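Since the structure comes first, as structure tokens, the remarks are kept for the end.
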Amino acid sequence: MGAYLKPLSVVVALLALLTAVWWQSRGPDAALETRLHEALFAFEVSDTALNRDVLLARAGLLRRYDSLAQGRHDLRRALRALRATDAGGAEFVASDGALEHLETALAEKTALVDYFKSDNALLRNSLMYFNTAGQALRGAALAASETGLAAEVGVLSHAMLRYMEAPQAHVGQEIKAILDRLPPAPASFRADLNLLVIHGRLIVDFLPRADGLLRQIVDAPTAAGVRALRDRVNGHFDRAEARAGIFRLLLYGIAVLLLGYLIHLFARLQLNARNLRRANADLQREMLERRQVEAALRESEQRLRHSQKMEAVGTLAGGIAHEFNNFLAPILGYTELVLAGLPRDSRPRQQLEKVLAAAKRARAVVGKILTFSRRGESARKPVELQRVASEAVQLLRASLPATIAIDESLRVESGWVEADADQLQQVIINLGANAAHAMPDGGTITVRLEPATVELPADADLPRLKPGRYLRLSLSDTGCGMDQATQARIFEPFFTTKETGKGTGLGLAIVHGIVSDHGGAIEAASTPGQGSTFTVLLPRAEAGAGVELGEEPAVALGRGETVLFVDDEPALVELGEAMLAALGFKGIGVAGGQRALAAFRAAPRRFDLVITDQVMADMSGLELAAAIRRLRPDIPIALASGRSDARLTEQARQHGIQEILKKPLLSRELNECAARALARTPAGVSRKPPESGGR
Ligand SMILES: Nc1ncnc2c1ncn2[C@@H]1O[C@H](COP(=O)(O)OP(=O)(O)OP(=O)(O)O)[C@@H](O)[C@H]1O
Ligand SMILES: [Mg+2]
């Protein structure tokens with residue numbers, strides 16, 4: 001409310017000022033001015049008419065004096081009209097006594113007119129008698145032959161005529177002299193002579209007086225008074241007009257100022273509107289950014305929860321898989337041993353081969369679980385992704401029905417990645433198998449590989465990736481596609497839409513695990529009924545020396561070399577000894593780390609190779625290896641573990657151990673591992689010659 005008070009009072013003040021200036025800028029009252037001029041004119045006309053009538057009366061041309069009375073009446077009425085304007089806004093007319101002067105002048109004039117009227121009437125009467133008597137006397141004198149008298153009367157009439165025209169004093173004297181010397185007339189004309197003398201003398205006396213009155217009437221100050229009043233009226237109205245002109249100019253000035261202010265306000269309004277629009281746009285942008293950030297946050301929270309879930313499932317599955325590996329070890333090992341001693345086509349051998357096949361499948365599933373839980377063995381080297389992908393596609397092609405075509409677009413210059421080639425192959429094969437499964441009636445799988453760059457840390461599609469150079473591997477199919485609900489769960493371990501027993505639901509979970517382990521990301525896009533595309537991004541590495549893929553390991557059976565085999569499970573020690581023996585090595589099994597160390601210390605030079613389990617109750621395989629290396633630095637050591645991963649591989653490498661054996665042991669792997677480890681004995685260090693001849 002207070003905020004409006006100030007502008008409101010300014011508006012009210014401005015309105016008051018404008019009203020006042022407008023009021024002053026009105027011109028003088030034109031109607032009043034007209035009325036005043038009309039009254040003055042009427043007065044003037046009546047005054048002039050009175051003068052004219054007086055002159056006519058003097059000339060004897062006015063038969064009656066009614067017009068004189070009328071003239072006086074008209075003058076009084078005009079004066080009343082002037083008086084009335086006094087109340088109608090023309091006070092200035094009466095002020096200063098101007099109107100009173102006029103009134104007085106008029107009163108004096110009317111009094112003079114009254115005197116003139118009676119004098120003139122007398123004069124006219126005398127003149128009539130004088131003329132009549134003169135004519136009668138002259139006629140009688142002529143008839144009586146009184147020629148002297150007739151001549152005198154003729155001279156008298158003539159003098160009187162001149163006197164009437166211009167009443168000069170000497171003419172008056174002349175008339176009076178003639179009258180005085182008129183001879184006495186006979187009794188018959190005496191009456192006329194007396195009339196002539198009496199009226200002649202009267203005329204001579206009265207005519208100058210009547211003419212004096214006439215002059216006074218004509219010269220009365222009424223006309224001057226009217227002129228003065230008119231000047232007064234004109235002056236007043238001229239001044240009022242000039243004043244109104246000044247205020248009109250002021251009004252114009254105020255209007256110009258207000259217009260200027262209005263233009264200024266309009267410009268400010270425009271500027272404010274522009275600023276407002278800009279601020280609004282900024283706000284909109286900020287809101288959009290905020291919404292985007294919130295969405296990204298929600299998504300990353302969701303991913304975090306998902307990856308925590310995967311982590312938990314992985315830990316659980318990994319633990320169980322490890323235990324299973326321990327159960328599988330004797331099954332596989334002893335089956336292989338027993339098989340070796342059975343004749344080729346015997347029935348027990350055929351049955352045992354089935355046991356071995358089942359156990360191997362079980363080992364493969366456990367391997368899958370361990371890969372998923374990131375505990376599988378991972379040997380990272382720079383690999384050329386194009387070669388890995390090409391080989392994987394060949395494998396796929398061989399395993400897929402002819403109704404499925406593979407369109408391959410792998411750019412040769414794509415580049416290298418630091419990766420485990422086997423795992424990358426597994427990625428492509430798992431994705432390919434899923435694609436094929438989605439196209440039971442056939443279709444096309446398109447595999448593409450191309451370089452890619454991730455520009456921003458918060459890349460819209462793959463937000464977890466750091467900016468940098470990547471390789472994009474994508475695999476599309478023309479299959480059944482997936483709905484949103486399925487897409488949301490595909491990377492969950494054990495999620496499958498296949499019939500029970502047909503799919504484990506681990507394929508994509510493993511793919512996801514492998515890709516994440518390699519610092520990459522995977523995304524799926526799909527439209528139900530139209531197909532799916534899986535896109536994998538892997539960080540590029542510097543080009544490596546090249547890796548022989550599918551390299552066949554050298555077959556090198558033992559030549560009687562002594563191998564210290566260590567495990568804390570006596571059953572596995574026994575199995576190890578037996579397997580080594582079957583492979584041509586001399587296996588000396590010891591249960592437990594401490595006991596193994598004691599045996600080695602007793603005769604360090606006795607052994608050519610040490611194979612030790614990593615996880616043991618009294619000491620770890622790495623600790624044992626370190627202790628043995630202190631006794632004999634050149635001894636080759638291989639580590640066996642069901643839980644080998646990148647960290648373990650790295651730790652082993654720090655201890656100078658290059659070979660890691662996957663538990664449960666398989667004869668072929670044990671054979672190759674032992675052969676490789678023996679071949680890696682540092683050069684220049686003499687190896688103990690075999691005690692017995694090799695096989
Ligand atoms: N290319 C695809 N087209 C349509 N659906 C797919 C595709 N790839 C995966 N899926 C869906 O994702 C689910 C999970 O796939 P995943 O590979 O993890 O398990 P699986 O294929 O069912 O089992 P397994 O891989 O052990 O044989 C599938 O059951 C299927 O519903
Ligand atoms: Mg699958």
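Pull out all pairs, ordered by first then second residue, where Cβ-Cβ is under 7 Å, the residues are six or more apart or on different chains, the first lies in region 655-674 and is farther than 13 Å from L332 by Cβ, and the second is in a loop (DSSP other than H, G, I, E, B) and of a type in the set (S, T, N, Q).
I660/S644
Pairs needed: first member in region 298-324, closer than 11 Å to E492 by Cα and not assigned by TED's automatic domain parsing to the domain that holds V515; second member anywhere, of a type in the set (V, I, T) and surrounded by 13 or more Cβ atoms within 10 Å (Cβ to Cβ); C-beta distance under 8 Å; at least 6 residues apart or different chains.
Matching pairs, first to second residue: none at all.
Looking at region 199-212, which of the residues that are open to solvent by less than 20 Å² (accessible area, probe 1.4 Å) and hydrophobic (A, V, I, L, M, F, W, C) is farthest from L127 (Cα to Cα)?
Once the filter is applied, the top-ranked residue is A210.
Being surrounded by 16 or more Cβ atoms within 10 Å (Cβ to Cβ) and in contact with a Leu (Cβ under 7 Å, 6 or more places away or on another chain) narrows it down to one of A133, A159, so name that one. Please lay out each step first, then the result.
Working: A159 fails: in contact with a Leu (Cβ under 7 Å, 6 or more places away or on another chain).
Selected residue: A133, the only one of A133, A159 that is surrounded by 16 or more Cβ atoms within 10 Å (Cβ to Cβ) and in contact with a Leu (Cβ under 7 Å, 6 or more places away or on another chain).
Return yes when A652 is at pLDDT 90 or above, open to solvent by less than 70 Å² (accessible area, probe 1.4 Å) and among the small types (G, A, S) and no when it is not.
no
Determine which member of the set L142, L207 is over 29 Å from L55 (Cβ atoms) and assigned to a helix (DSSP H, G or I).
Working: L207 fails: over 29 Å from L55 (Cβ atoms).
That would be L142, the only listed residue that is over 29 Å from L55 (Cβ atoms) and assigned to a helix (DSSP H, G or I).
So the check is Cβ under 9 Å with 6+ separation or different chains; which pairs have a first residue in region 494-517 that's within 9 Å of ligand 2 (Cβ to nearest atom) and a second one that's of a type in the set (F, W, Y) and modelled with pLDDT of 85 or more?
Close Cβ pairs satisfying both conditions: G505/F495; L508/F491; L508/F495; L508/F534; V511/F491; V511/F534.
Results for (1) within 8 Å of ligand 1 (Cβ to nearest atom); (2) at pLDDT below 85; (3) assigned to a helix (DSSP H, G or I), shown as yes or no for each residue.
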residue	(1), (2), (3)
D422	no, yes, yes
Q425	no, no, yes
N430	yes, no, yes
T444	no, no, no
L449	no, no, no
L456	no, yes, no
L462	no, yes, no
C480	yes, no, no
G513	no, yes, yes
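For I611, only one of the following conditions fails: (1) within 24 Å of A571 (Cβ to Cβ); (2) in a helix (DSSP H, G or I). What is its number?
Going through the list (1) within 24 Å of A571 (Cβ to Cβ); (2) in a helix (DSSP H, G or I), I611 breaks only (2).
What residue, of T403, T315, is open to solvent by 40 Å² or more (accessible area, probe 1.4 Å), of a type outside the set (D, E), farther than 30 Å from L538 by Cβ and within 58 Å of the chain's Cα centre (by Cα)? Step through it out loud before you land on a result.
Numbers: T315 fails: farther than 30 Å from L538 by Cβ.
Of T403, T315, the one residue that is open to solvent by 40 Å² or more (accessible area, probe 1.4 Å), of a type outside the set (D, E), farther than 30 Å from L538 by Cβ and within 58 Å of the chain's Cα centre (by Cα) is T403.
Could you tell me which of the residues P689, P633, P682 is at pLDDT 85 or above, open to solvent by 60 Å² or more (accessible area, probe 1.4 Å) and either among the aromatic types (F, W, Y) or assigned to a loop (DSSP other than H, G, I, E, B) (or both)?
Sole residue among the options that is at pLDDT 85 or above, open to solvent by 60 Å² or more (accessible area, probe 1.4 Å) and either among the aromatic types (F, W, Y) or assigned to a loop (DSSP other than H, G, I, E, B) (or both): P633.
T527 - would you say it is more than 7 Å from ligand 1 (Cβ to nearest atom) and open to solvent by 60 Å² or more (accessible area, probe 1.4 Å)?
In short, yes.
What number of residues within region 342-373 are closer than 19 Å to P493 by Cβ, at pLDDT 80 or above and β-branched (V, I, T)?
1
Could you please let me know if R387 is on the phi < 0 side of the Ramachandran plot, at pLDDT 80 or above, open to solvent by 50 Å² or more (accessible area, probe 1.4 Å) and not in a helix (DSSP H, G or I)?
So R387 does not fit the description; no.
Using beta carbons and a limit of 7 Å, which pairs, at least six apart or on different chains, have the first residue in region 60-73 and within 20 Å of L102 (Cβ to Cβ) and the second one open to solvent by 40 Å² or more (accessible area, probe 1.4 Å)?
So the pair list comes out as L68/K117.
Pick from region 467-493 the residues that are without any contact (Cβ under 8 Å) to a residue 40 or more places away in the chain and away from ligand 2 (no atom under 14 Å from the Cβ): which of them is nearest to the chain's Cα centre (by Cα)?
It comes out as P467.
For region 94-114, which residues satisfy the criterion of being under 30 Å from L62 (Cα atoms) and surrounded by fewer than 16 Cβ atoms within 10 Å (Cβ to Cβ)?
If the condition is that a residue be under 30 Å from L62 (Cα atoms) and surrounded by fewer than 16 Cβ atoms within 10 Å (Cβ to Cβ), then T104, A107, E108, A111, D114 are the ones that fit.
Across region 482-501, what is the total count of residues that are in contact with a Ser or Thr (Cβ under 8 Å, 6 or more places away or on another chain) and within 7 Å of ligand 1 (Cβ to nearest atom)? Steps first, answer last, please.
Filtering region 482-501 down to residues in contact with a Ser or Thr (Cβ under 8 Å, 6 or more places away or on another chain) leaves 482, 486-487, 494, 496-497.
In the following step, the residues that additionally are within 7 Å of ligand 1 (Cβ to nearest atom) were identified as 482, 486, 496-497.
Counting residues in region 482-501 that are in contact with a Ser or Thr (Cβ under 8 Å, 6 or more places away or on another chain) and within 7 Å of ligand 1 (Cβ to nearest atom) gives 4.
Would you say E91 is in the same structural domain as F43 (by TED's automatic domain parsing), among the acidic types (D, E) and modelled with pLDDT of 90 or more?
no
For every residue, the table says whether it meets (1) closer than 29 Å to D29 by Cβ; (2) open to solvent by 60 Å² or more (accessible area, probe 1.4 Å); (3) outside the structural domain of T104 (by TED's automatic domain parsing).
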| position | (1), (2), (3) |
| --- | --- |
| P184 | no, yes, no |
| R190 | no, yes, no |
| L193 | no, no, no |
| L196 | no, no, no |
| V233 | yes, no, yes |
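Give the residues of region 417-435 that are among the hydrophobic types (A, V, I, L, M, F, W, C) and either without any contact (Cβ under 8 Å) to a residue 12 or more places away in the chain or crowded, with 21+ Cβ neighbours inside 10 Å (or both), sorted by residue number.
Within region 417-435, V417, A419, A421, L424, V427, I428, L431, A435 qualify.
The values are calculated or read from the model by the stated rules, or taken from the named source; none is laboratory data. All values derive from a computational prediction rather than experimental measurement. Don't worry about glycine lacking a Cβ; one is built from the backbone with ideal geometry, like all the others, and counts go over all protein chains shown. Side chains are part of the model used for accessible areas, which takes the heavy atoms of the whole protein and leaves out ligands, DNA and RNA. Shrake-Rupley method; radii C 1.70, N 1.55, O 1.52, S 1.80 Å.
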